[in-house]
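Structure first, then comments.
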Amino acid sequence: MKALNQKWLASVAAAAAIALVPAAAFAHGKLESAEPAAGSTVDAAPDALRLTFNEDLESTFSTIKVTDASGAPVGKEKAKVDPSNRRVLTLAVPKLSSGSYSVQWAVMTQDAHKTKGTYAFKVK
């Protein structure tokens, strides 16, 4: 009887774990695209960065920071969630010179999940 109870408990635990995996995998905002794209080299410096996520964003807690190759911050603007598409976060940037740039983003989705990431791009 004890062996049967242990098998039943193990089966229930395994089923619960399997059921929770999809929910955990999709519970956080995911970066779907970026302009300029991660790892890209652009001919002309962008006026703004545009990051698109898979979920609506909470504007108060969503940020983008750009640094140059030396680690110095670029610009003083704050990122803004696009009011017509709350999955898009934009950041106006000053005229970027040739070189490498690092983009650090942190977002909170409207269901209060936080996620962050980094990527780099180059300006010719």
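The values are calculated or read from the model by the stated rules, or taken from the named source; none is laboratory data. It should be emphasised that the depicted structure is a prediction, and the values quoted were computed from it without experimental measurement. Positions of Cβ are generated from backbone atoms using ideal geometry, with glycine treated the same way; all protein chains shown enter the neighbour counts.
Restricted to the range 53-81, and to residues there that are farther than 16 Å from Ser102 by Cα, buried (at least 16 other Cβ atoms within 10 Å of the Cβ) and of a type in the set (Ser, Thr, Tyr), the residue that is farthest from the chain's Cα centre (by Cα) is Ser59. Six or more apart or on different chains, Cβ atoms under 6 Å: show the pairs whose first residue is in the range 63-83 and without any contact (Cβ under 8 Å) to a residue 12 or more places away in the chain and whose second is assigned to a strand (DSSP E or B) and hydrophobic (A, V, I, L, M, F, W, C). So the pair list comes out as Asp82/Val88.
Would you say Thr60 is modelled with pLDDT of 95 or more, hydroxyl-bearing (Ser, Thr, Tyr) and at negative phi? Spelling it out, it is not the case that Thr60 is modelled with pLDDT of 95 or more, hydroxyl-bearing (Ser, Thr, Tyr) and at negative phi.
Within 13 Å of Leu51 (Cα to Cα) and surrounded by 14 or more Cβ atoms within 10 Å (Cβ to Cβ): does that describe Leu89?
The answer is yes for Leu89.
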